[in-house]
Each structure stands twice: as structure tokens, then as C-alpha cells.
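Participant: For reference, the structure I am asking about is given below.
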Amino acid sequence: MKNIFKSLCFGLLLAFTVISVNPVKDVNAATKTKVTYKLDKGTLTVSGKGEMPKKMTFKENKKIKKVVIKNGITSIPKYAFSDCKKLKKVVIGKDVKKIGKYAFTKVTSVNIPNKVKKIETGTFAYCKKLKKVNIGKKVTEIKGFAFWNCNNIKKIEIPNSVKVIEKQAFYKCKKLEKVKLGNNVQTIGNAAFQ
């Protein structure tokens, strides 16, 4: 009987030791995924699931030539890639719902995903070499200065989903010759296309 009691005590002691060394992880913490990035030969790839952290910005980076935002990323923070002088190309994954203010200032073409509902203030302002813009089919609002001073845009097609184009959204787009407005635009702000 003493041997059984000793074995039982030893077994319990061993079990408590294992539990204290290997505590059960919080279920929520275990399911969270990280957003990571990798810069290789001028191409910056952002991957993972969820929002890019607000502190994950590459403002004024001189090595980035191309940005690839992989599917799974849901937002790009403000100023994320502003003033990256060598940046020309950006590929934005289909899961992105939000692109922050002044996120890009040097790209030459952009496809805005269909999940984006609002193009924020100045998102592509000062993209002086931007020539081609495809606006997603669910964008409802283009905020002020969104494409301010994008000198090389020659034509723009505003999808039927857009209801509001705020002031100076396409201001100083000097080469803009053709604008095709969607059927549901209700408000066009002051100097939106001057």
C-alpha cells in the first residue's frame, strides 16, 4: 500500500511539473498569425494574415523597387511606402480592404482591389509617374487629394459603385483628358478634376 501511495504521489508531482514547465497556451494567442516582410533584390514582399502593423512603414526607403502585398493582408497603413524613390510597381492582394493616407507616392501603375471601399486622402498623391489606375468595383468614395498631382494619368474610369468624389481628388492631373463617370456619382467636390 505504501508503494502504491508513493507511486501515486510521484505521478502527481511529475504531472504538476510537466504542466508548470509547459503551460497551456491561450487559444486566441495560438491562432494569431504574424504579418512579415522580406526585401530581396529590390522586391519587398509582405505576407501573412490580417492588417499590416501601423509601425510597418518603409517611408523614404531607397532600396525598394517593387512591392508585393500578398493575399491574406487586409490593410496597408498610412505613409507605408511614401517617398520610396525607386519604387515603381506595386501588386496589391485581393484581400486588402483599406489603403492608408499617403501610402504611395512614386508608383507608375496600380490596381485597387475590389474589397477596398474608400480611397483615402492623398493615398496616391504625388505619384507623378502614375499612368494607369484601375479602381476596384466596390469603391464608394474617393477622398480629397487621393490622386493629387498625378501628372501622367491620361484617363480614369470611375466605377458605378462610387457615390462621392471629394475636393481636389484628381487636382493637378495635368494630362488627364478622359474621365468616365459611373452612373451613381452623387457628389463631386470643388476642383476635383482641375
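Participant: Which entries in K41/K94; K55/K101; K85/K129; K94/K172 show an alpha-carbon gap greater than 20 Å?
Facilitator: Those over the limit are K41/K94; K94/K172.
Participant: Which value, in Å² rounded to 10, gives the accessible area of Y79 with a 1.4 Å probe and all protein chains present?
Facilitator: Approximately 90 Å² for this residue.
Participant: Expressed as a whole percentage, what fraction of the accessible surface of region 43-194 belongs to carbon and sulfur atoms when a 1.4 Å probe is rolled over the protein heavy atoms?
Facilitator: The nonpolar share, carbon plus sulfur, comes to 45 percent.
Participant: Something else now. Report, by chain and number, residues whose modeled amide H sits under 5 Å from the one on V91, excluding near sequence neighbours (fewer than 5 apart, same chain).
Facilitator: V67, V68, I69
Participant: So which of K115/K175; K89/K174; K65/K132 end up more than 24 Å apart, counting from Cα to Cα?
Facilitator: K115/K175
Participant: Find out how many positive minus negative residues lie around S161, taking Lys and Arg as positive, Asp and Glu as negative, among other residues whose Cβ is under 9 Å from that of S161.
Facilitator: +4
Participant: For a test of the definition: using alpha carbon positions, the gyration tensor, and the 1.5 limit on a/c, classify region 63-194 as rounded, prolate or oblate. Intermediate results must be reported in sequence, preceding the final value.
Facilitator: Values: a/c = 1.77, a/b = 1.24, b/c = 1.43.
Oblate.
Participant: So, counting K/R as plus one and D/E as minus one, what does the shell of residues with Cβ under 11 Å around E120 add up to? Intermediate values should be presented prior to the final figure.
Facilitator: Details: positive: K78, K98, K101, K117, K118, K143; negative: E141, E166.
My count for the surroundings of E120 gives +4.
Participant: K55 versus K132, label points 7 Å from Cα toward the beta carbon: distance in nm?
Facilitator: For the pair K55/K132, the computed spacing is 3.8 nm.
Participant: Holding the Cα-Cα limit at 27 Å, pick out from K34/K167; K59/K163; K38/K178; K62/K128 the pairs that are longer than that. Numbers along the way, then the final one.
Facilitator: Values: K34/K167 37 Å; K59/K163 31 Å; K38/K178 38 Å; K62/K128 17 Å.
Flagged as over cut-off: K34/K167; K59/K163; K38/K178.
Participant: Set the Förster distance to 41 Å, then compute FRET efficiency between T108 and K34 from the Cβ-Cβ distance, nearest 0.05.
Facilitator: The value I calculate is 0.85.
Participant: If the only charges are +1 at each Lys and Arg Cβ and -1 at each Asp and Glu Cβ, what is the size of the charge dipole of region 40-194 around the Cα centre, to the nearest 20 debye?
Facilitator: 520
The values are calculated or read from the model by the stated rules, or taken from the named source; none is laboratory data. The structure presented is a predicted model; accordingly, all values stated were derived computationally and were not measured. So basically every Cβ, Gly included, is an ideal-geometry build from the backbone, and we count neighbours across all protein chains shown. Side chains are part of the model used for accessible areas, which takes the heavy atoms of the whole protein and leaves out ligands, DNA and RNA. Shrake-Rupley method; radii C 1.70, N 1.55, O 1.52, S 1.80 Å.
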